[in-house]
Amino acid sequence: MDHIATAVDPFVFRLSIFVMAVFVGYYVVWSVTPALHTPLMSVTNAISSVIVVGGLLAVGVPMATDSSGPLWARGLGFVALVLASVNIFGGFLVTQRMLGMYQKKKK
């Protein structure tokens, strides 16, 4: 009996990984106790900082090397840069506010 090896389409493979990551992320985030929300915000800020670095590379490298690169890639890099920066700023505000809840009130 000959078994024919069939390759999985890379798009389907990556889509299935993305869907699994969405489900795992959802259940991980919603099962976190309130005491761990501040460390979780720090981790999401670290992930967003990696996205900022990727966005900077997508926007800036073609300009630095005098190659025109695809305009849509630079546009998406700029959008990622803006959204990740907003996420980091908001994360710091939320973390600052949560840490303020644990400080003693001044009279």
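I'm checking my understanding of the structure. Among residues of the stretch 23-33 that are β-branched (Val, Ile, Thr) and surrounded by 10 or more Cβ atoms within 10 Å (Cβ to Cβ), which one is farthest from residue 98 (Cα to Cα)?
24
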(message) Among the numbered criteria (1) at pLDDT 80 or above; (2) over 15 Å from residue 54 (Cα atoms); (3) surrounded by 12 or more Cβ atoms within 10 Å (Cβ to Cβ), which one does residue 97 miss?
(response) (3)
(request) For residues that are under 24 Å from residue 79 (Cβ atoms) and modelled with pLDDT of 80 or more, tally how many sit in the stretch 14-46. (result) 9
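The values are calculated or read from the model by the stated rules, or taken from the named source; none is laboratory data. Since we're looking at a predicted model, the values are computed, not measured. Because the Cβ atoms are built from the backbone with ideal geometry, glycine has one as well, and the counts that use them run over all protein chains shown.
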